[in-house]
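First comes the structure, then the notes that go with it.
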Amino acid sequence: MYKENSIAVVVPAYNEEGYVGDVIDTIPSFVDVAYVVDDGSTDDTWNEIVTHAEAVNAERTPEAGAYEDLVVPIRHDENRGVGGALKTGYARALEDEVDITAVLGGDGQMNPTELAKYLDPIAEGDADYAKGNRFMKREDLEAMPGFRLVGNSVLSYLTKFASGYWRTMDPQNGYTAISYEALASADIENMYEYYGYCNDLLVKLNVENLRVADVACSAEYLYDDDWKSHIDYGEYVPRVSGMLLRNYFWRLKHKYLLRNFHPLAAFYFLGAVVSVIASAGLVGSGMMHDGDGPSGLGSWAIGLLLGTAFLLIGIVLDHDDNEALELQVHDDTYDTDVPIETGE
């Protein structure tokens with residue numbers, strides 16, 4: 001328990017032999033249950049999970065009404081992606097009616113002693129979902145590899161458009177916590193299963209008007225000498241960008257047209273249509289080189305400016321409508337009297 005809330009962690013693991021056992025052994029003492037999901041690993045990850053789970057559970061003396069086992073091993077027959085592993089863990093947390101569910105990566109690159117600061121905004125009633133943000137401090141930005149910083153920045157701004165959380169950065173950060181109510185209402189069953197699951201989830205949360213807290217997250221612990229990544233950025237960025245474009249229109253449709261009407265949807269759609277048509281006209285006029293070229297170019301340029309203006313108005317309205325749903329949390333925002341201990 002943490003501040004009178006039951007706590008679960010989901011630990012997704014794919015080919016994390018040599019790492020996932022240490023994650024299990026260092027789960028904080030206030031965690032009530034951990035769903036460790038082997039996502040179709042081809043190495044010895046599953047045996048490592050089972051061995052460490054049995055050892056930890058054997059030492060556990062559950063209190064009355066508590067979960068029987070601290071560690072619950074779950075295995076996928078086939079690899080579904082990290083989002084798929086999280087969906088499985090989230091489904092178990094919903095079934096068990098856990099108050100707050102957090103994520104600890106099976107690769108050991110999330111510091112378990114920092115877990116409490118992601119729980120605090122939810123436990124205090126200030127947010128429904130909390131996520132890490134490595135962009136809040138300059139030293140954390142400097143610790144991030146350059147290629148990852150560029151890719152993350154691009155996806156951060158695309159996610160702002162798609163999700164409506166305009167103050168949120170670092171949407172790829174997997175260190176998160178979510179309330180039971182948010183899990184129950186955010187259509188977790190249809191969450192994206194590839195690495196862009198965290199971006200997709202933000203869109204789903206926004207449509208339900210759920211509050212998101214950006215929590216200052218250190219990159220120093222993450223990018224140590226053992227840091228590794230399973231992500232192929234050549235595939236990752238285009239694939240997630242396409243998903244975000246689809247989610248952008250889905251959010252506008254469901255939140256601002258079907259459930260309620262807001263003029264920002266009209267400005268967005270009109271701006272997009274006018275900008276696309278004007279851009280095509282500019283390209284066509286430039287290729288024709290006929291007598292009408294200069295005047296044609298001028299007309300299309302005015303159209304592009306008009307489309308851009310419509311889009312900017314939509315952004316301003318979108319920002320204002322969702323501003324109350326965002327919170328930024330720095331390290332000293334919350335005080336806690338709960339000791340942070342792990343199994344080490």
Filter pass, V237 being within 29 Å of L327 (Cβ to Cβ), under 25 Å from the mean Cα position of the chain (by Cα) and modelled with pLDDT under 90: yes
Residue selected from the stretch 271-310 under the condition surrounded by fewer than 17 Cβ atoms within 10 Å (Cβ to Cβ), of a type in the set (S, T, N, Q) and at pLDDT 85 or above, by the criterion nearest to F249 (Cα to Cα): T308
Residue list for the stretch 89-118, filter: over 26 Å from D214 (Cβ atoms) and touching a strand residue (DSSP E or B) at 6+ places or on another chain (Cβ under 6 Å): R92
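The values are calculated or read from the model by the stated rules, or taken from the named source; none is laboratory data. What you are looking at is a predicted structure, and each value in this text was computed from that prediction instead of being measured. Virtual Cβ from ideal backbone geometry, glycine too; neighbours counted across all protein chains shown.
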